[in-house]
Structure formats: C-alpha cells, structure tokens
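FYI, it's all coordinate maths here, none of it is from the lab. In this text, all values refer to a predicted model and were calculated from it rather than measured experimentally. Here the Cβ positions follow ideal geometry from the backbone for every residue, glycine too, while neighbour counts run over all protein chains shown.
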Amino acid sequence: MSISRRHVLVGGAVAVPVAGVAGIGLVARGVLPGQSHWQRIIGDCDTGSSPPAAASGPSLTGTFPSAARRTDVRYTIWYPPGSEVGSALPVCVALHGRSGDHTFADSYAAAPRFLAAEVAAGPTAPFALVGVDGGDAVNWHRRSDGDDPVVMISDELLPTLAAKGLRTGTDDRIGVWGWSLGGFGALHLAAVWGPKRVAASVATSPAIWRTFDDAQPGTFDDRADFDRCDLFRRADSLVGVAVRIDCGLADPFAEASAQFRSLVDPAPEGAHAKGCHDSPFAWSVAREEVRFLGSKLEPEPEPEPAPAPAHAPTQAPAQAPATAPGGTAAPVGN
C-alpha cells in the first residue's frame, strides 16, 4: 500500500512526541535538511513517468580544444531517426546541471530518446540535440578565472557544428535546453544572445535564486557576479525568444521559478506540476518540451515561386528586307 501524506502525518502524531511532529513540519517546509527524502515518502515526487522504449537515433561524439574554456571540450550530437550524421538540421544545444557533462541530456533526462520517439511519431519537426561540456559548477556564464562557456558555445561549438553540416551558421537561430543549473543557463544564454540567435529556450527545473545569499556556494564568484547574471533583472531581454519553463511543485526552486515566470512577457509555456528536482520530473515534461522545440526550430516553408507572366500573343517576326547582289538592299515590290 502506498503511503499517503495523511498516513504519515497522523501516524507521526501518534508515534513521536510533539517536538518530533514540529520537526517533521520544518522538514516538509524545507527549513531543516531532509526535505527531498520526506517528499519521496509522501509521494510528492511520483510522476508516473519513464523514458520511452524507443532507441535514440545516430550520434557522433567529438572533441575540440577550447580557448574560451582553456581545456579540451567534448560534445555529442544526437540525430533523430530518419536523419544521418551530416544531415543539415537545426540545432538545440543541451546544457547540463552541476557535475554533468556532454552526456547529461541522455543520462539524466533521456532527451535523445524522447526526441527519437516524437520525431518518429510525427508531426514534430526533426532537429539535432547537442550536449557539450560546460564545466562542473561554471553555471554557464563567464567566471573570474576566465572560464567562459558562453564564448565557447558561440565562437567554437557552433562553428564546429556548422562544419559538420548542421544549421548553426551566423544567420541561423538555435534552441537551448537545460536542466537545473543548465536550466538557468538556457535562460541566461537566451537573455545574452537575444532573438537574433536564439529561437527557443527551454528551462527544466531551473536553478534560480532570488539573492546571492540563497545561491549554492561556488555558483557565482561574488555578489557582483550574481547581480550581473540575475535573471530577475533581465526578464525583458527574453522578448522575442520563445520560452518554456517547467518545474516540479516540490522542487526547492519552484517558488523562485514561479516568480520569474510572472515577469516574462508573453507568459512562458510550460507549467508547475507534480514532481521534484529529479529525472522522473524531467521525463514527465520531456515530450511536450521536444514538441515545443520542434515547432520553434522548424524551418520556415520555402516561398512558392511566383507564377510565370502571361505571354502576349505570338506575332510573326518582321521580314528583313532582301539584299541585292553586292550588299545593297533590294527594293521591295514595284
């Protein structure tokens, strides 16, 4: 039998002293450690979701030396079924969370499998998903030590992808999709680059803090760094970018995420729904997120050719005057 919130609360009231019950309440509200474990006990994290059975499409993994990050950077391109390595597809860059790497989109969110399933089922337009190493806790913005994942993506990754046939040239618009710290990164990059470069930004369980004191240590260099990157001060920079934000109701970032959503105009797609800050929540919203990205990255239809102009009635060409021997024009008629 599953354990309900009522069973735990009533049972706890009988089994523990009053101080214990007060402690349970503090944990449930996130005041004391243990909230995540508590939420799993009472079922707040049960989304009933799982990755699709479909296998992901072809993939390609590579490495390039990054001057912006001062290290070798690995990346993986996942293509949808029906496409091959080298296909000229639009691109969505996948941004990992803390301690993640270029494989995070697959290992944490099963995003390549959701992409494969949705494109195969139709009518989601195909696009390539690209994961890239952004650093452990760099948080997808330039740091004081010079590590700059933003420039790495714009000046190194995207040209590398263009050389492989993907549509990441200077006139192409891309998507960005991230989870946790990568969710913050997806919104941050969209705000930095704007609609000229970013068609769509999807943030799943974005790690957004209202103040520097609330932020996880190491995520920002100092208070000034936090202020420069504060999304609440830059919501207007997202105008023209299609934005989707999804967050679990039991996610520790749910309140800040909801507050940020209220600042973005027009209102982002997505929603706050049952779930926690974990893979099952990411799985529960991935299908809709893939469809959203496909609809925004879908190439505009080629303009229909203009109809050929109507031809004027054909006239017999005028007869040239006859030429007399010796090269002079002969008289016509009498």
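A few points about this structure:
- Our summary gives the range 29-156 a relative contact order of 27 percent, counting only alpha carbon pairs under 8 angstrom and 6 or more residues apart.
- Most positive-pole-ward Cα, GLY86, GLY122, SER180, against dipole of the range 59-297 from beta carbon charges: GLY122
- Segments 113-125, 282-294, 254-266 sorted - mean Cβ within 10 Å per residue, highest first: 282-294, 113-125, 254-266
- Computed packing ranks the peptides 98-109, 131-142 as 131-142, 98-109, most packed first, by mean other Cβ atoms within 10 Å.
- Dimensionless Rg ratio for the range 59-297, taking C-alpha atoms and the 2.2 N^0.38 Å reference: 0.92
- The range 159-193 and the range 37-82 have Cα centres spaced 15 Å apart.
- Rounded FRET efficiency, nearest 0.05, which uses the C-beta distance separating ALA67 from ASP221 and R0 of 30 Å: 0.90
- About its Cα centre, the range 84-206 has a charge dipole of approximately 340 debye under the convention of +1 per Lys or Arg Cβ and -1 per Asp or Glu Cβ, with nothing else charged.
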